[in-house]
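Only one structure is covered here, and it is reproduced in the block below.
The values are calculated or read from the model by the stated rules, or taken from the named source; none is laboratory data. Just so you know, these numbers come straight off a predicted model, no measurement behind them. Heads up, the Cβs are rebuilt from the backbone with ideal geometry, glycines too, and the neighbour counts pull from every protein chain shown.
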């Protein structure tokens with residue numbers, strides 16, 4: 001099983017899938033920070049004064065993590081950041097469900113309307129599994145760092 005999971009093509013596919021998800025999520029949030037701030041506020045999870053800060057910085061963190069995952073830059077760090085964000089997202093969605101909030105998850109902001117619920121939790125758990133796979137098996141093949149290293153040896 002380890003041999004299959006650590007296959008460079010499996011890791012590359014995982015990096016591309018997770019990276020594209022994070023880039024798409026960031027694009028929706030960056031294009032309309034005011035509406036994303038409202039979506040964050042709908043969770044009633046954070047102190048009011050932190051909502052705008054979250055709405056400004058979270059999309060950039062997601063965008064950078066997504067780009068780094070796809071390009072293979074700092075694979076372990078990028079997957080750790082993605083995984084940490086996904087854990088926070090799972091907790092936020094579960095909290096909203098427990099409190100009976102009928103809100104949009106805000107995951108892709110205004111690109112896709114996606115309500116909080118079990119489907120969203122399972123989706124985030126699946127993405128977390130990809131982040132863990134990438135973190136545990138940070139294959140250097142097909143990475144920007146590997147390409148630079150090969151070219152510098154010539």
Tally up the residues in region 33-64 that are surrounded by fewer than 16 Cβ atoms within 10 Å (Cβ to Cβ) and assigned to a loop (DSSP other than H, G, I, E, B), please.
3
Candidates 103, 67, filtered to the one that is surrounded by fewer than 19 Cβ atoms within 10 Å (Cβ to Cβ), touching a residue at least 60 places away in the same chain (Cβ under 8 Å) and farther than 16 Å from residue 126 by Cα:
103
Among residues of region 1-37 being at pLDDT 85 or above and more than 17 Å from the chain's Cα centre (by Cα), the residue nearest to residue 82 (Cα to Cα) is 10
Whether any residue in region 72-84 is part of a loop (DSSP other than H, G, I, E, B), in contact (Cβ under 8 Å) with a residue 60 or more places away in the chain, over 11 Å from residue 22 (Cβ atoms) and touching a strand residue (DSSP E or B) at 6+ places or on another chain (Cβ under 8 Å) is what I want to check.
no
